[in-house]
Amino acid sequence: MSIEKSVTATARFRTVRLLVDDLREFERALAADEVSWRFGTREHLGTWSWKNVYTRSDSLDELCAAAPKGAVYQFEVQAQSGEQSFTLLLVGDDPRFVTLSYEGPGEQPSETFQNAVVPLSKAEKRGRKWHYIAAVIGPTIAFTVPLILLEEIGNVGWLKEQVGPRGDLAKATVWSLTSFFILALTTLMFWSWARLSSVTLRPIIDTSSIYERVVEQMKSVGRWAYSVPKADYMYKLIMLWSTVVAALCGFGAFVIAFFK
């Protein structure tokens, strides 16, 4: 009998924006004997039904040729180098993270594992700027624009003593609330996108595919709008938005009464 030791290691990266050049650098760092690439696409079959279609290849170039344009959110790399195995995974309930797993002999991960982490760390830094923009600039704009409208249209300002006419004040309140809802929703959508990790195998900028992508996005929005009323959690969402709207209306009434 003999005793053998093996080690496993896992590295996680958040809001990663992986490009083809990153994957090539990752492949060179592995210097593996066998590499398998796979991406998946989701297709809706009905309101609450869908299927995942996976495309696999041993060549990154062949995979790129078959990949859809734009970001891919289901991606996997399997690599084997002697007794060492590597798995790069972007999939799961929390798509914010890219996971690199390692298994090999010994008590410490090999130097290859550390080298493979480098391109992933670079991609994480690239995606972090969108994360900061969504976290700082988005909410700032969503709150600042309504306040500017209140000041410019209704002559309402925290440092002003004079308040505009009642009609102007009502118009300013309506426009500020409207702009807040639009900007807050836009910020929320951008924030959700900025937190995701993704892999881009083919650039999205291609004039021949713009029409098809717009049509598909409109169909996707339509399917989502159709399925929303059937959701069990919908009543909770309605209560939440009702509470938010009531709070904003109450705050707006307080501001008007304070400056009136």
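Can you work out the PRE-style zone for Asn115? Point 7 Å along Cα to Cβ, and I want the residues of segment 2-44 with backbone N under 17 Å. Within reach of a label on Asn115, which here means backbone N under 17 Å from a point 7 Å along Cα→Cβ, segment 2-44 contributes 22-35. Using the Cβ-Cβ distance between Asp168 and Phe251 with R0 set to 25 Å, the FRET efficiency works out to roughly 0.85. Where does the charge balance sit around Pro105 when Lys and Arg score +1, Asp and Glu -1, over other residues with C-beta under 12 Å from its C-beta? That works out to -3. Distance between the pseudo-spin-label points of Ile141 and Thr178 (7 Å out from Cα toward the beta carbon): 1.9 nm. Between the listed residues Gly127, Pro139, Gln80, the Cα displaced farthest toward the positive end of the dipole of segment 1-160, a dipole computed from Cβ unit charges relative to the Cα centre, is found at Pro139.
Of the accessible area of segment 1-111, computed with a 1.4 Å probe over protein heavy atoms only, carbon and sulfur atoms account for 45 percent.
Protection proxy ranking for 122-130, 11-19, 28-36, using the average of other Cβ atoms within 10 Å per residue and placing the highest first: 11-19, 122-130, 28-36. Remark: the Lys5-Asp33 segment gains 7.8 nm on full extension, using 0.36 nm per residue and subtracting the alpha carbon distance.
The values are calculated or read from the model by the stated rules, or taken from the named source; none is laboratory data. All figures in this text were calculated on a predicted structure; none of them were measured in a lab. Neighbour counts run over all protein chains shown; Cβ positions are idealised from the backbone, glycine included. Surface accessibility is based on the protein's heavy atoms, side chains included, excluding ligands, DNA and RNA. Shrake-Rupley method; radii C 1.70, N 1.55, O 1.52, S 1.80 Å.
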